[in-house]
1. Report yes if residue 380 is outside any strand (DSSP E or B) and at pLDDT below 95, otherwise no.
2. Could you tell me how many of the residues in segment 57-83 are touching a residue at least 24 places away in the same chain (Cβ under 8 Å) and crowded, with 18+ Cβ neighbours inside 10 Å?
3. Given 176, 112, which one is away from the ligand (no atom under 16 Å from the Cβ), surrounded by fewer than 18 Cβ atoms within 10 Å (Cβ to Cβ) and modelled with pLDDT of 95 or more?
4. Working only within segment 3-23, note down all residues that are in contact with a helix residue (DSSP H, G or I) (Cβ under 9 Å, 6 or more places away or on another chain) and away from the ligand (no atom under 16 Å from the Cβ).
5. Is it true that some residue in segment 193-214 is touching a strand residue (DSSP E or B) at 6+ places or on another chain (Cβ under 8 Å) and part of a helix (DSSP H, G or I)?
6. Restricting attention to segment 340-359, does a residue exist that is closer than 24 Å to residue 153 by Cα and buried (at least 18 other Cβ atoms within 10 Å of the Cβ)?
7. For segment 31-47, indicate whether the set of residues that are touching a residue at least 40 places away in the same chain (Cβ under 8 Å), buried (at least 20 other Cβ atoms within 10 Å of the Cβ) and at positive phi is non-empty.
8. Go through (1) more than 21 Å from residue 191 (Cβ to Cβ); (2) touching a helix residue (DSSP H, G or I) at 6+ places or on another chain (Cβ under 8 Å); (3) in a loop (DSSP other than H, G, I, E, B) for residue 139 and report which single condition fails.
Ligand code: FCB
């Protein structure tokens, strides 16, 4: 990899710090026992030293909106200075910061008064973005919104994430507002810093029919591939979003995001098998199968490094640089973690040889953390967290990742 390849790790504020003012804090009872999760908010200086120890040259983290703006009409200077201090430490250590503005959580006041399907959500989000951009001028790389589709499917169709709605019309409204927020944030960040590098982080997967011979399974997997991976890519290319779900009428709408990207952030974890099941919503059942005997993670997700190549090929139609903004595995087994990292980095190296323009890789995650629907037992970290003593302990995979970074970089 070239010397300017971004080798990093990714985290999100709420998953490490918690926040009493965030919607998720009240949403998930599991958090009551560990509201400060890893206590990273207070231990951040020590945790940032781990980045140096790893030898990464980039770090993706998020700022927690509900800490910065705990009430609608109140900015919290202490929180602002806190995130400024993180950026200062990173710059001092030659580590490129990549800041995520929205990583699933919202302040409670926003969730109660202006959730994403409400029209004022966009202006409320924008005033927060304006605040953050004006105080973090030293940041060049931005992710506006992490995994808009996961947020929408979880929050507006499945109802398993806040605001816990199951309504297609609200889903569409929220989708429209999230994409408009991205566009407005994109323009704003560029008005503050001409050389800003702005993207979303898009969760992508590969899809396969559960039973190859079953035409319904095959059809579902084509729908999924188109909706989950391509519809957003195409919207960035054309300014038009087309959504086709099985058994419901297709939707088309203009979205103001054409070309509003400087790179494309991909979060890739797994392959999903689809089975037609008339008893399920839209007839879809999701399955994880260990088809190639590479194993599954503690989340049950199939380890499927080759899917990353397929996804990167799909993204390359945008003809802009690609950064893998998340890729990782939840496991207690360090050997499995090492193998996971190596096999995915190998795929990236292969893609670079095929002229796919990948500019960075961020392993998820630096530390074990709160994993939304799974609580505290999914161990994604390169450093293990003991939630009783708050001690951080390197896994063998931490040293291995350092070795990968050193051995794969050309100086
Ligand atoms: C992604 C999320 C991230 C983390 C990983 C495991 O979908 O962006 O916060 O939970 O999954």
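The values are calculated or read from the model by the stated rules, or taken from the named source; none is laboratory data. Everything numeric in this text was worked out from a predicted model, so none of it was measured. Neighbour counts are summed over all protein chains in view; Cβ atoms, including those assigned to glycine, are modelled from backbone coordinates with ideal geometry.
1. no
2. 17
3. 112
4. Hits for segment 3-23 are 5, 7, 20, 21.
5. No, because not a single residue in segment 193-214 is touching a strand residue (DSSP E or B) at 6+ places or on another chain (Cβ under 8 Å) and part of a helix (DSSP H, G or I).
6. no
7. Looking through segment 31-47, at least one residue is touching a residue at least 40 places away in the same chain (Cβ under 8 Å), buried (at least 20 other Cβ atoms within 10 Å of the Cβ) and at positive phi.
8. Against the list (1) more than 21 Å from residue 191 (Cβ to Cβ); (2) touching a helix residue (DSSP H, G or I) at 6+ places or on another chain (Cβ under 8 Å); (3) in a loop (DSSP other than H, G, I, E, B), residue 139 comes up short only on (1).
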